[in-house]
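The values are calculated or read from the model by the stated rules, or taken from the named source; none is laboratory data. Remember, predicted model here, so these are calculated numbers, not experimental data. Note that we place each Cβ from the backbone using ideal geometry, even for glycine, and neighbour counts take in every protein chain shown.
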Amino acid sequence: MKKTLIFLLLSFIQFVNSQELALVKKNSKIGYISKDGSFKIEPQYKSAKSFSEGLAAVEDNGKWGFIDTKGSWVIPASFNNAKDFNSGIAVVQKDKDWVYINTKGEILKAPATEKIFDFNNGVAFIRQGNKVGLINSKLAVVLEPKYDQIKPFENGYARVELNKNWGIINTSGKELVEPAYAEIGNYFKGTTWARKDKTFGLVSGGKFTPVDGAEKIWDFETQDLTYAKKNGKIGFIDLNGNWVILPIYDKGKAFSKNLAPVLVGKKWGYINLKGTFVIEPTYSDAEVFSTNGLAPVKESNWGFINEAGKLVIPTQYGITSNGFVIALFVQQDKGFIDGLARVKNEGKWGFLRPDGTVLGNQWFENAELFSQTAEREKKETSVAAESPKAETKTTAKPASKPATKKKK
């Protein structure tokens with residue numbers, strides 16, 4: 001039998017010319033620079049936000065709209081307020097109501113919810129009464145409201161509370177860890193820490209394994225061990241709950257590049273996976289190593305050392321965390337991210353390269369982190385097929401409980 005082929009013209013949106021832009025403020029106006037230090041969009045806005053998915057919310061004569069990476073208006077300024085795009089949807093304030101819009105500026109109809117929440121990891125909260133559920137970017141309900149709280153998603157997983165007990169779900173709403181614990185951590189390689197009654201341990205494969213003597217456990221980050229407290233001291237455990245580095249330190253932070261900052265007395269240094277000091281405790285504060293092998297350390301001010309402990313950038317800068325930490329080395333800004341570190345010097349903000357030079361040799365009144373953006377391009381493709389048979393930096397406040405991130 002002959003098969004009749006028909007050609008279908010498929011249209012889709014893809015992201016091209018990916019780049020990173022940073023919002024900066026100069027002479028009281030906001031613009032955007034690229035990673036070569038030049039202005040991609042000259043300072044001209046009184047109020048604006050960072051780029052997300054190729055669009056940035058900016059204010060014009062008291063109203064908010066969205067521009068593209070060329071500075072052209074894509075969505076006219078007609079909203080009282082606007083938040084970032086995520087999953088192709090942004091939350092905006094139209095008159096007194098918060099609503100979802102798509103990248104064309106069209107208002108989308110959402111399932112019944114008592115409050116509009118931001119999208120993150122492809123999902124957003126919905127709230128009905130005292131219960132919280134999830135919708136996806138197609139605005140379809142993927143989890144009927146059933147939990148008392150859902151914390152913001154991190155790498156596709158979220159902590160959930162039900163009847164004062166905590167568990168973990170994924171973005172499909174599937175329970176990976178049943179709500180049965182008084183406290184719970186992030187989800188890393190199928191494992192999380194948890195507290196059951198007064199006992200701290202690890203949960204993997206539905207089984208809770210106590211960690212000997214643990215008084216507190218912190219989240220796993222980028223390596224297969226994390227820090228924990230026993231008898232008031234900090235040590236490190238692996239994914240099986242074994243103490244691989246004895247708890248003898250006063251404070252500690254996560255391993256990265258096989259090095260972790262620890263505090264002894266009043267000074268910070270760095271140990272390796274055997275618990276041996278590679279960089280002796282000499283600093284008043286220290287942060288984890290970034291992927292480029294540099295870590296912030298503090299004397300009176302902050303500078304940067306390499307993995308050998310050599311000070312490669314003098315301790316003369318301020319660094320800060322912008323309070324929007326989703327995952328280590330993704331949104332944290334106490335160090336180098338994709339080759340640049342945001343620092344403060346004499347009241348001005350700028351970006352350092354690993355060699356200590358200042359990006360564009362410029363300092364700004366304000367500078368936000370570089371954000372990945374992309375210009376959108378419509379593609380059309382013809383494909384052959386058999387003939388068929390007949391037949392939604394300043395954000396709207398979501399409900400405090402579901403959106404409050406657990407502090408570490």
From the residues in the stretch 149-170 that are crowded, with 18+ Cβ neighbours inside 10 Å and not in a strand (DSSP E or B), which one is farthest from the chain's Cα centre (by Cα)?
151
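Would you confirm whether or not the stretch 126-138 contains a residue that is in a loop (DSSP other than H, G, I, E, B), touching a Lys or Arg at 6+ places or on another chain (Cβ under 8 Å) and surrounded by fewer than 21 Cβ atoms within 10 Å (Cβ to Cβ)? Give the steps one after another, and end with the answer.
Step one: of the stretch 126-138, the residues in a loop (DSSP other than H, G, I, E, B) are 129-130, 137-138.
Of the ones still in play, those that are also touching a Lys or Arg at 6+ places or on another chain (Cβ under 8 Å) are none.
No, there is no match, as no residue in the stretch 126-138 is in a loop (DSSP other than H, G, I, E, B), touching a Lys or Arg at 6+ places or on another chain (Cβ under 8 Å) and surrounded by fewer than 21 Cβ atoms within 10 Å (Cβ to Cβ).
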How many residues of the stretch 309-338 are under 16 Å from residue 285 (Cα atoms), at pLDDT 70 or above and either polar (S, T, N, Q) or surrounded by 13 or more Cβ atoms within 10 Å (Cβ to Cβ) (or both)? The answer is 11
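If you scan the stretch 171-198, which residues turn out to be in contact with a Leu (Cβ under 6 Å, 6 or more places away or on another chain) and either closer than 18 Å to residue 220 by Cα or surrounded by fewer than 17 Cβ atoms within 10 Å (Cβ to Cβ) (or both)?
We begin by selecting, within the stretch 171-198, every residue in contact with a Leu (Cβ under 6 Å, 6 or more places away or on another chain); these are 173, 179, 191, 193.
Selection gives 191, 193.
Do you know which residues across the stretch 203-215 are touching a strand residue (DSSP E or B) at 6+ places or on another chain (Cβ under 6 Å) and more than 17 Å from residue 179 (Cβ to Cβ)?
If we filter the stretch 203-215 for residues that are touching a strand residue (DSSP E or B) at 6+ places or on another chain (Cβ under 6 Å), which is where we start, we get 203-204, 208-211, 213-215.
Those that are touching a strand residue (DSSP E or B) at 6+ places or on another chain (Cβ under 6 Å) and more than 17 Å from residue 179 (Cβ to Cβ): 209, 210, 211, 213, 214, 215.
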Check the stretch 88-107 and report whether any residue there is touching a Pro at 6+ places or on another chain (Cβ under 9 Å), surrounded by fewer than 22 Cβ atoms within 10 Å (Cβ to Cβ) and farther than 20 Å from residue 58 by Cβ.
no
Of all residues making up the stretch 344-361, the number that are crowded, with 16+ Cβ neighbours inside 10 Å and more than 20 Å from residue 48 (Cα to Cα):
5
Looking only at the stretch 48-73, which residues are over 26 Å from the mean Cα position of the chain (by Cα) and not charged (D, E, K, R)?
61, 62, 72, 73
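Looking at the stretch 196-218 only, could you name the residues that are more than 19 Å from residue 234 (Cα to Cα) and either modelled with pLDDT under 95 or not hydrophobic (A, V, I, L, M, F, W, C) (or both)?
Here is the first cut: in the stretch 196-218, the ones more than 19 Å from residue 234 (Cα to Cα) are 196-197, 203-209.
Of everything in the stretch 196-218, those that are more than 19 Å from residue 234 (Cα to Cα) and either modelled with pLDDT under 95 or not hydrophobic (A, V, I, L, M, F, W, C) (or both) turn out to be 196, 197, 204, 205, 206, 207, 209.
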Residues of the stretch 99-125 satisfying the condition of being over 23 Å from the mean Cα position of the chain (by Cα) and more than 17 Å from residue 55 (Cβ to Cβ)
109, 110, 111, 112, 113, 114
